[in-house]
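Structure first, then comments.
The values are calculated or read from the model by the stated rules, or taken from the named source; none is laboratory data. The model shown is predicted, which means the values in this text are computed figures rather than measured ones. Don't worry about glycine lacking a Cβ; one is built from the backbone with ideal geometry, like all the others, and counts go over all protein chains shown. These accessible areas exclude ligands, DNA and RNA; they are computed on the full protein's heavy atoms, side chains included. Shrake-Rupley method; radii C 1.70, N 1.55, O 1.52, S 1.80 Å.
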Amino acid sequence: MPTPYSSPIGVFDSGFGGLTVLRELVKTLPEYDYLYLGDNARSPYGTRSFDTVYRFTLESVEYLFDQGCELVILACNTASAKALRTIQQHDLPLLGAQKRVLGVIRPSVEAIGELTKTGHVGVLATPGTVKSESYVLELAKLYPHVRVFQQACPMWVPLVENGEQDSPGADYFVERHVKALLEQSPDIDTVILGCTHYPLLTPKIRQYLPAHISLLCQGRIVADSMREYLGRHPEMDARLTRSGSRTFLTTENPELFNRPASVFFGEEVSAYCISVS
Ligand code: DGL
């Protein structure tokens, strides 16, 4: 377990997906300490109700705060869509006014809005994220001229969680959902993977997406935005410790976590099992 005296950057996801974000964070900001928490025992979140995702996410954020994190990134679109605002507005003042919780949707929206030329953008995400309309609402605030076309991909997380991302089954579901997205507008020129699990399906998604359409993955976007955030907030930056440690926690059995986690993270992972509820 991490030392009680460190103040790592907390990275939270319902399961494995946030590791695709952590992977880019450690590339961009390698000197910081990181504490990853995957709530694998209760994933997937994508099909759960608003209240359940909020409650599960809050429990995990509290756990990370208790471990010394001053800053927690919800590296999960579903949690960012359904829990971030309430945690920021309602819970943070009670949990520690100087602590921060950030999500992945805002930086992604900024990147999409800057890139699109046609003003027609596509979002591939879990049913929960699509239903929350978070991308639509955030884009309307920042780029009112942009039209958003969303496609829920309920099978993609289970495929990836089960290591089936290269299987013929994955082809079937990737083709089906990408087609359904493109049918909504012939002018889509930018597509965002609005779920941190989906980067593992990138080769297949790219296969069904015409070459002129840009495909955005969130890892790099979030890592760049974190670097800017820390530059703008030196008081937070000063509170974070930098010994380059990476600690992995899961609410499941680590034997079930470590191998798939290593695929998502791109390096060997050895996790501790914890309970947040
Ligand atoms: N990785 C999560 C996201 O970015 C979703 C996974 C889940 O459904 O739990 O939305």
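Here are the numbers for the structure shown:
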{"quantity": "Some residue of the stretch 206-215 being at pLDDT 95 or above, open to solvent by 10 Å² or more (accessible area, probe 1.4 Å) and among the small types (Gly, Ala, Ser)", "calculated": "yes"}
{"quantity": "Selection within the stretch 88-110 - within 16 Å of the ligand (Cβ to nearest atom) and in contact with a strand residue (DSSP E or B) (Cβ under 6 Å, 6 or more places away or on another chain)", "calculated": "Val101, Leu102, Gly103, Ser108"}
{"quantity": "Matching option when the condition is touching a strand residue (DSSP E or B) at 6+ places or on another chain (Cβ under 6 Å), crowded, with 17+ Cβ neighbours inside 10 Å, over 19 Å from Ser243 (Cα atoms) and not polar (S, T, N, Q), among Phe56, Phe12", "calculated": "Phe12"}
{"quantity": "Enumerated strands (runs of 3 or more DSSP E) restricted to the stretch 97-179, each holding at least 1 residues that are open to solvent by less than 10 Å² (accessible area, probe 1.4 Å)", "calculated": "100-102, 120-125"}
{"quantity": "The lone exception for Leu25 - which of (1) open to solvent by 50 Å² or more (accessible area, probe 1.4 Å); (2) of a type outside the set (S, T, N, Q); (3) within 25 Å of Pro260 (Cα to Cα) it fails", "calculated": "(1)"}
{"quantity": "Flag if Leu201 is more than 16 Å from the ligand (Cβ to nearest atom) and under 21 Å from the mean Cα position of the chain (by Cα)", "calculated": "no"}
{"quantity": "Residue match in the stretch 220-230 (condition: aromatic (Phe, Trp, Tyr), over 19 Å from the mean Cα position of the chain (by Cα) and open to solvent by less than 40 Å² (accessible area, probe 1.4 Å))", "calculated": "no"}
{"quantity": "Test: Ala170 is of a type in the set (A, V, I, L, M, F, W, C) and within 12 Å of the ligand (Cβ to nearest atom)", "calculated": "no"}
{"quantity": "Failed criterion for Asp66 (all others in (1) over 21 Å from Gly128 (Cβ atoms); (2) in contact (Cβ under 8 Å) with a residue 40 or more places away in the chain hold)", "calculated": "(2)"}
{"quantity": "Number of positions in the stretch 63-72 that are closer than 18 Å to Asn40 by Cβ and not polar (S, T, N, Q)", "calculated": "3"}
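Every residue, every condition in (1) touching a Pro at 6+ places or on another chain (Cβ under 8 Å); (2) more than 13 Å from the ligand (Cβ to nearest atom), yes or no:
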residue	(1), (2)
Val11	no, no
Asp33	yes, yes
Ala41	no, no
Val61	no, yes
